[in-house]
Amino acid sequence: MAIAKILHEGEKLYQLKRTIKYNSVAKEWLNSADNPRLIGALSNLGVIDITDQQAYDQFMKEFIKEVTLNKSLSTNKRQTKLYSHDVVSFAELDNQQRSQDELTKISLEILNTVYDMDNTPYILWPQTDNKHGLHFHIVRSMYSNNGEYQRVKQSKLKLRSACEKAEKKHSLVLTGKNIKNTPKIKNDPMLKVFKNKKSEANYLHQKRLNEAINQDIPLIKLKRNVHNVMLTTTYQSDLEIEEQQRFEAVNIKISDKEEVNNELNSIKKTIFSLYKKSENEAEFLKQITDKKITVELLKHSKSGKNKGIVFHYKDQSISGGKISSSMTLGKIKQRFPNFINTLEKPPTFSQKGAKPVSLLDFHIEQINKYYKQRSNKNNGDILIYFGKKNVEQRPHNFNLKLSHQRDKISFGPATPNDFDLKLALDVALQNGWKGAIISNCSRDFLKRNMAIAYKQDPKLLFYFQSDKPNLLTYDDLKAIKNDLTATELKTAIRNNLICEKDTHKMIEALKEVAKTPQAIGFADALKKGFSIKDLDNKTEQELATFHKKKYFNTIKSPSKTILSTEKLKDGRQTALDDITKAIDEYEPLTSDVKSKVTAKINKP
């Protein structure tokens with residue numbers, strides 16, 4: 001890590017002398033014999049001997065003359081700055097790994113990137129007299145040896161850029177743009193707020209206490225003095241006690257807010273730590289789910305597009321941008337391109353009915369010339385992109401994905417617009433789908449698809465179905481098509497399209513469009529609670545009968561009396577058969593046979 005900044009720029013000669021003295025003379029409260037301030041000095045004007053005080057002072061006088069002489073070469077009176085006092089410091093790890101001479105060369109190289117240090121008088125002092133370790137103070141002239149003014153615009157940004165280049169070149173600890181893709185947690189802005197609130201509360205408390213004391217009458221003042229001298233406790237009037245209670249209440253309120261803020265910070269650190277360690281979106285989502293943290297995508301109310309991300313834990317909520325600038329929804333999508341797909345599991349179209357027998361070559365240009373396609377070499381899926389998209393740079397940013405078997409269509413990471421939905425419908429029709437079932441479907445998404453399908457062809461009104469029943473309301477269906485026919489109303493009921501609370505509206509609408517007794521009977525039967533599956537099996541005559549009688553005719557089961565009579569007839573017939581058989585054999589009947597025949601005949 002390298003940091004270079006300008007401490008100040010001076011115009012007067014006495015300021016230059018003070019700056020040189022500041023870098024040369026030890027500070028009594030900081031320096032000692034073991035840690036002196038002046039440990040070395042380097043200049044492009046000659047060698048500086050810090051052990052000889054007289055020679056050191058003489059060199060400084062010559063340096064001041066050189067700076068003054070260079071300024072006299074300039075004829076521009078608006079160039080008022082005489083010198084600049086800069087500082088260059090490095091990370092502790094860099095100080096440990098490199099020698100002082102190496103860091104000195106790097107410091108001059110950084111400044112030389114912005115200024116012409118070779119032709120400009122300067123003095124460099126290495127110092128180790130503070131907690132930051134080795135660092136370098138540089139005093140340089142604002143004018144080169146040719147009288148050119150060395151003050152530049154946007155010097156802070158240019159020095160920062162020079163430091164970043166030096167970090168890469170010399171393998172220093174990386175900072176700034178060198179680690180722009182490395183997530184960093186945001187500082188807590190509330191720390192300063194709480195500090196200011198506490199300071200304000202203390203100030204107001206002392207002010208009100210003083211005002212309360214100043215209101216004391218002479219007798220109370222005497223009582224206060226005696227109480228404070230004689231007793232260990234401090235005397236307090238009623239106003240002081242009231243103010244003390246108010247002050248304690250304010251402190252409790254601030255403490256409660258601090259506790260909530262600390263809990264939020266703990267959540268922030270947990271989420272950020274998991275995000276930084278995760279290698280893919282699935283791992284990140286699994287880990288935060290294990291911590292009982294939920295993720296919510298914020299959407300625009302009109303367009304339905306994603307606009308932000310929020311993390312929820314218990315009763316606390318925090319947006320991704322408040323955790324880290326690298327955890328906004330856009331930055332998360334840059335790092336994990338399939339994040340939204342993994343999180344939301346976007347709607348997918350599945351073919352309804354039999355799958356196609358043969359798979360012909362698919363060309364999206366034949367359906368819509370504004371789109372292009374690529375093939376996924378791993379699984380053979382067809383990825384469809386809008387024509388202007390950079391596929392090589394962002395291969396995951398597809399609009400549609402058609403499975404290898406042509407029986408499934410899924411959408412890309414972006415929220416699908418109406419053009420994508422129409423394209424998905426065209427792709428499904430092109431591949432011979434008789435219908436499509438939408439998984440992970442919302443009410444609005446199903447409504448949009450049905451509206452697009454109906455607009456393309458009224459026969460396709462119920463082309464799309466959701467895997468979840470009862471998603472739409474009756475008003476949603478009316479918004480797609482206002483004048484619904486009886487057949488369409490029956491289809492909506494048969495497909496469980498409308499929510500249960502709007503079933504009565506569907507039946508009333510079906511009754512309104514009914515013109516025949518059979519159709520009215522169908523609606524009345526639905527209202528009575530008969531299922532549409534049972535009514536589909538009824539004949540027109542039965543439905544017309546229900547319209548008149550309000551019930552269906554049923555076939556009664558045979559009674560017990562009829563069954564017993566049939567059994568009696570069967571017994572008599574058996575006895576008669578026995579008699580006929582005996583006569584045919586020409587044998588006389590014995591007493592035993594007579595008794596048996598008589599018993600069978602008389603048997604009920």
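Figures for the structure shown
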quantity	calculated
Rounded Å value of the spacing that divides the Cα centres of the stretch 384-455 and the stretch 460-534	28 Å
Net length gained if the chain between LEU297 and ASP52 were fully extended (0.36 nm per residue, minus Cα distance)	81.2 nm
Rg/Rh (Cα only; Kirkwood hydrodynamic radius) as it applies to the chain	1.31
Equivalent ellipsoid semi-axes, the stretch 149-269, via Cα gyration tensor eigenvalues times 5, rooted, Å	55, 21, 12
Two-site FRET efficiency, THR75 against PHE419, from Cβ-Cβ distance with R₀ of 51 Å, rounded to 0.05	0.15
Computed FRET value (nearest 0.05) for LYS352 with SER325, which takes r as the C-beta separation and R₀ as 51 Å	0.65
Partners for LYS27 among lysines (Cα-Cα distance below 18 Å; same-chain residues under 8 apart left out)	LYS17, LYS131
Alpha-carbon gyration tensor eigenvalues x 5, square-rooted, for the stretch 106-161, Å	22, 14, 9
Stokes-Einstein diffusion coefficient of the stretch 182-344, Kirkwood radius over Cα pairs, 25 °C, 0.890 mPa s, in µm²/s	123 µm²/s
Greater than 32 Å apart at Cα, pairs in LYS401/LYS468; LYS5/LYS71; LYS333/LYS501; LYS257/LYS468	LYS333/LYS501; LYS257/LYS468
Restraint check, LYS77/LYS156; LYS268/LYS291; LYS459/LYS528; LYS186/LYS305; LYS105/LYS177; LYS105/LYS184, Cα-Cα greater than 19 Å	LYS77/LYS156; LYS459/LYS528; LYS186/LYS305; LYS105/LYS177; LYS105/LYS184
Phi to ³J(HN,Hα) by Karplus 6.51 cos²θ - 1.76 cosθ + 1.60 over the stretch 528-536, Hz, x for Gly, Pro	6, x, 6, 6, 5, 5, 5, 5, 5
Over the stretch 182-344, relative contact order from alpha-carbon pairs under 8 Å, at least 6 apart, %	24 percent
Normalised contact order of the stretch 338-450, rounded percent, pairs of Cα under 8 Å and 6 or more residues apart	34 percent
The chain - percent relative contact order, Cα under 8 Å, separation 6 or more	7 percent
Full-extension gain in nm, GLN393 to THR516, via 0.36 nm per residue minus C-alpha separation	37.9 nm
DSSP bridge orientation in the chain - percent antiparallel, rounded to nearest 5	95 percent
Whole-Å distance, taken between Cα centres, linking the stretch 107-151 and the stretch 220-284	48 Å
Three semi-axes of the equivalent ellipsoid, the stretch 347-549, Cα gyration tensor, whole Å, largest first	41, 16, 13
Sites LYS165 and THR234 - FRET efficiency at Förster radius 51 Å, r taken between beta-carbons, to 0.05	0.20
Extension gain from ASN262 to THR289, taking 0.36 nm per residue of separation minus the Cα-Cα distance	7.6 nm
Stokes-Einstein D (µm²/s) once Rh is taken as the Kirkwood radius of the stretch 22-149 over alpha-carbon pairs, at 4 °C in 1.567 mPa s	82 µm²/s
Share, in percent, of DSSP beta bridges within the stretch 347-549 that are antiparallel, nearest 5	80 percent
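Bear in mind that the values in this text are calculations on the coordinates, not laboratory data. This structure is a prediction, so every number in the text was calculated from the model and none was measured. As a convention, Cβ positions derive from the backbone with ideal geometry for all residues, glycine included, and neighbour counts pool all protein chains shown.
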